[in-house]
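Engineer: First the structure, then my questions, so here it is.
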Amino acid sequence: MTPFEFLLPYSLEEALSLLDAEDPDIRPVGGGTAVMLMMKAGVLRPTRLVSLQKIGEQHSAVTVGGDGELILGGMARLADIERHPAVREKWPLLSQALRGVANPRVRAVATIGGNLSHADPHMDMPPVLAALEARIIVTGPKGSRTVIAEDLCTGYYETVIRRDELITEIHIPPQSGPGAYLKMTTRAVHDWPALGLAVVLKMVGGQFDQASIFVGAATDRPTRLRHAQAALKQNGLEESAKRAAAEAAVAEAQLMGDGHGSAAYKSQLLKVALPRAIETALRNGRSHT
Ligand SMILES: Cc1cc2nc3c(=O)[nH]c(=O)nc-3n(C[C@H](O)[C@H](O)[C@H](O)COP(=O)(O)OP(=O)(O)OC[C@H]3O[C@@H](n4cnc5c(N)ncnc54)[C@H](O)[C@@H]3O)c2cc1C
């Protein structure tokens, strides 16, 4: 293994000062679960790792703001978010989806900042946070900026985050209606998804108004299914509307084959998953009220 520095800064400012916009071999480390795998596989040979473990407890906090938004520190661990009583009560889609990410050992150390920055297209959380209309606060040497979760990933392992920036917070508005995340795996349930589908049904006065639908894992980034959304907006949630939305989803999504299945197989998965996700969301809504 090539020797590298492992630095442990004690503040966000110090951590930022140790990153370098021009150097891809200098990396921040959250939980380290993805960094270590990449190093073992030889695809990452860092010269410097900047651990975020000691930058301050406030960066690991899970809180509800005065305006009712959920605020996750960039270093909040997946297990702490999943188990937080406010998340379970008011953002059930988030806690449900988190329970299916990897396994308890990974969730106990992995951070939400590391999870979102990694940008493997098979990650479960990016489509879920996009459907929940989350905003990601990214901090760099010149201050902070906001990235809409939908715009975070730009391709295979690529995001809009610069090398000298860190994800410091995620803001999630109140869940606007019942939701579901369907993780379609080809082996064990906790495996990486062949296709992930996040659906939030927005209700107005108790009636369905519109849906927010994102597909992941079968595309190179989480992708909003606009035509499927439009089909539901126009026709409601009748059986025929759900089937029409599924047909629209298959026609519009640029699905890609990989080790978890061919593009043709994934398109069959999508066709089955969309009506099922809507039904699951409605069932979740009934059991939650
Ligand atoms: C056995 C196993 C099974 C898995 N299965 C699944 C699965 O089913 N579904 C799924 O979604 N994921 C799965 N994963 C992936 C897992 O979710 C990620 O490894 C984890 O979320 C990454 O978080 P981390 O804090 O450990 O990131 P790290 O490994 O610390 O970092 C990951 C990347 O993000 C960068 N980074 C870290 N923190 C920040 C920050 N705050 N700001 C900017 N950049 C940062 C790092 O430089 C690195 O490039 C699995 C992982 C393992 C090991």
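Engineer: In the range 168-282, if every C-alpha pair distance is counted and binned at 10 Å from zero, what percent goes to each bin?
Structural biologist: In order of increasing distance, the bins hold 15, 47, 29, 9, 0 percent.
Engineer: Here's something else I'd like to know. Please say if the range 141-228 is rounded, prolate or oblate, where rounded means a/c under 1.5 for a ≥ b ≥ c the square roots of the C-alpha gyration tensor eigenvalues, and otherwise the choice is prolate for a/b larger than b/c and oblate otherwise?
Structural biologist: On the way: a/c = 2.15, a/b = 1.22, b/c = 1.76.
Oblate shape, in that a/c is at least 1.5 and b/c is the bigger or equal ratio.
Engineer: Using a 1.4 angstrom probe and counting only protein chains, how large is the accessible area of VAL35 in Å², to 10?
Structural biologist: Accessible area, nearest 10 Å²: 20 Å².
Engineer: Which length gain, in nm to one decimal place, applies between ILE71 and VAL109 when the Cα-Cα distance is subtracted from 0.36 nm times their residue separation?
Structural biologist: Taking 0.36 nm per residue and subtracting the Cα distance, the gain is 11.8 nm.
Engineer: I've got another one for you. Would you mind checking the tilt of helix 239-252 against the longest principal axis of the Cα atoms of the chain, expressed as 0 to 90 degrees and rounded to 10?
Structural biologist: Helix 239-252 and the main axis of the chain meet at about 50 degrees.
Engineer: Once you place label points 7 Å from the Cα toward the Cβ at THR47 and SER287, how far apart are they in nm?
Structural biologist: Rounded to a tenth, the inter-label distance reads 5.3 nm.
Engineer: Keeping all protein chains in place and using 1.4 angstrom, which order do ASP120, ASP80, ASP258 fall into by accessible surface area, from largest down?
Structural biologist: The ranking, largest first, comes out as ASP80, ASP258, ASP120.
Engineer: For GLN207 and ASN235, compute 0.36 nm times the residue count separating them, minus their Cα-Cα distance, and round to one decimal in nm. The partial results should precede the final answer.
Structural biologist: Working: separation 28, 0.36 × 28 = 10.08 nm, distance 1.30 nm.
Difference between extended and current length: 8.8 nm.
Engineer: Which lysines, if any, have their Cα less than 23 Å from the Cα of LYS266, not counting same-chain residues under 8 positions apart?
Structural biologist: Output for LYS266: LYS183, LYS242.
Engineer: If eta is 0.890 mPa s and T is 25 °C, what Stokes-Einstein diffusion coefficient results for the chain, Kirkwood Rh from Cα pairs, in µm²/s?
Structural biologist: After rounding, the answer is 126 µm²/s.
Engineer: Can I ask one more? Say each of PHE6 and GLU57 gets a label point 7 Å from the Cα, pointing the same way as Cα to Cβ; how far apart are those two points in nm?
Structural biologist: Each label point is offset 7 Å from its Cα along the Cβ direction, giving 2.5 nm.
Engineer: Still on this structure, please answer the following. Determine how large the accessible area of HIS260 is when every protein chain is in place; take a 1.4 Å probe and give Å² rounded to the nearest 10.
Structural biologist: Rounded to the nearest 10, that gives 30 Å².
Engineer: For the chain, find the longest principal axis of its Cα atoms and tell me its angle to the long axis of helix 226-235, 0 to 90°, nearest 10.
Structural biologist: The helix 226-235 is inclined about 30 degrees to the chain.
Engineer: Can you give the convex hull volume per residue for the Cα atoms of the range 58-122, as a whole number of Å³?
Structural biologist: Values: hull volume 5.8 nm³, N = 65.
It comes to 89 Å³ per residue, whole-number rounded.
The values are calculated or read from the model by the stated rules, or taken from the named source; none is laboratory data. What you see is a predicted model; the values in this text were computed from it and never measured. Because the Cβ atoms are built from the backbone with ideal geometry, glycine has one as well, and the counts that use them run over all protein chains shown. Just the protein is used for accessible areas: all its heavy atoms, side chains included, with ligands, DNA and RNA removed. Shrake-Rupley method; radii C 1.70, N 1.55, O 1.52, S 1.80 Å.
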